[in-house]
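Every number here is computed from the coordinates shown, using simple stated rules; none is lab data. Given the structure is predicted, the values throughout are model-derived calculations rather than measurements. Don't worry about glycine lacking a Cβ; one is built from the backbone with ideal geometry, like all the others, and counts go over all protein chains shown.
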Amino acid sequence: MNPENTSLAKTRHETVAGVLYAGSAFLVWGLSPVYWKAMRSVPALEIVTHRVVWSFLFLVMLTLVQHRWGEFKDVLKTPRTLLILALTTLLVSCNWLLYIWAVNAGFMLQASLGYYINPLVNVLLGMVFLKERLRRPQALAVLLACAAVVYRTVSYGELPWIALTLGFTFGLYGLIRKVAPVSSLAGLTIETLLLTAPGMVYLTVLEFQEAGALFHVSRSLDMLLIGTGVFTAVPLLFFNLGARRINLSTVGLMQYIAPSGMFLLAVLVYEEPFTAAQVWTFLLIWTALAIYSIDSVRTYRRTSRAD
């Protein structure tokens with residue numbers, strides 16, 4: 001067999017595998033409201049605490065299997081990296097807590113809006129903190145997103161704070177994580193470690209007060225709470241496996257699968273109110289994302305040809 005054909009076939013296989021891995025991750029995240037709503041009888045803080053504790057246990061096993069224990073221990077010995085991860089821990093925990101609360105409180109549309117605007121938030125944060133210059137299409141996309149937020153605020157008389165908080169906490173999380181010289185697996189393991197101790201204290205207090213859900217309601221709920229660790233770590237692992245095999249522009253386009261899944265679930269399954277004002281808000285955001293995505297693909301292609 002021609003070596004060039006073999007190499008091409010291998011590249012195509014890697015690309016297909018990458019799309020399947022990343023697509024699976026985004027699909028799980030998009031359908032995740034079904035999982036969280038199955039535990040709607042449990043307070044969001046308790047669900048997040050279980051998510052942290054069981055995720056940490058699962059991630060430790062994953063770290064051992066992937067032979068990353070050395071990196072994990074090195075991070076624990078580096079105060080600067082630990083300080084950075086302490087900040088990202090605060091951001092990701094706030095994001096998880098607000099997201100689960102929003103889903104179970106009937107604000108899934110706002111949650112989906114928050115993750116739709118996240119790429120545009122990243123562009124804005126890059127301009128503010130990294131002094132990146134915006135290309136004209138990027139600037140137009142950001143302005144349209146701002147117009148959508150203003151329109152939504154004027155229409156309802158209330159700032160869409162859930163969407164903005166989710167978008168900015170996740171955006172800041174990604175921005176700060178870039179500074180930490182640590183892999184995503186080791187970083188998330190450390191982040192869950194930092195939250196596990198207070199989480200165990202909280203769950204112990206609930207147990208003494210006979211207010212905890214684990215082992216006190218039903219076996220199905222017990223399995224759901226314990227399964228939050230796998231449910232958190234597996235799509236993250238799939239995302240990392242996918243991101244290594246496909247280019248960033250493809251990942252950028254595929255990321256809209258997650259908020260689209262949330263949006264469809266909110267409107268078609270859980271029948272959240274979808275008013276005319278919300279229609280126009282989402283149309284403005286989708287237009288901004290279309291402009292942003294087309295510009296990103298064109299820029300990536302120009303850069304690839306130049307290389």
Under 20 Å from Lys178, Cα to Cα: aspartates and glutamates that are on another chain or at least 8 residues apart
Glu71, Asp74, Glu132, Glu191
Starting from the Cα of Tyr156, move 7 Å in the Cα-to-Cβ direction to define the label point; list residues of the stretch 29-47 whose amide nitrogen is under 16 Å from there.
none
I need the calculated FRET efficiency for the pair Met127 and Thr204, taking r as the beta carbon distance and R₀ as 45 Å, to the nearest 0.05.
0.50
Considering the chain as a Gaussian network with a 10 Å cut-off on Cα pairs, which listed residue, Val103, Val269, Val60, attains the greatest mean-square fluctuation?
Val269
Compute the Cα gyration tensor for the stretch 26-108, then decide on rounded, prolate or oblate, letting a ≥ b ≥ c be the square roots of its eigenvalues: rounded whenever a/c is under 1.5, prolate when a/b is larger than b/c in the other cases, and oblate in all that remain.
prolate
What full-extension length gain, to one decimal in nm, is calculated for Leu64 and Phe274 as 0.36 nm per residue of separation minus the Cα-Cα distance?
71.0 nm
Could you list Ile226, Ile47 in order of exposure, starting from the residue whose Cβ has the fewest other Cβ atoms within 10 Å?
Ile226, Ile47
For a test of the definition: using alpha carbon positions, the gyration tensor, and the 1.5 limit on a/c, classify the stretch 221-307 as rounded, prolate or oblate.
oblate
Just flag the trypsin sites (Lys or Arg not before Pro) in the stretch 204-307 sitting in loop per DSSP whose Cβ has no more than 13 other Cβ atoms within 10 Å.
Arg244
Mean separation of Cα contacts under 8 Å (6+ apart) over length of the chain, as relative contact order %:
40
Bin all alpha-carbon pair distances of the chain at 20 Å intervals from 0 and give each bin's fraction as a whole percent.
29, 58, 13, 0
Treat the count of other C-beta atoms within 10 Å as a stand-in for reagent exposure and order Ser93, Ser112, Ser55 from fewest to most.
Ser93, Ser55, Ser112
Shape verdict for the stretch 85-232, please, from the Cα gyration tensor: rounded (a/c under 1.5), prolate (a/b greater than b/c) or oblate.
oblate
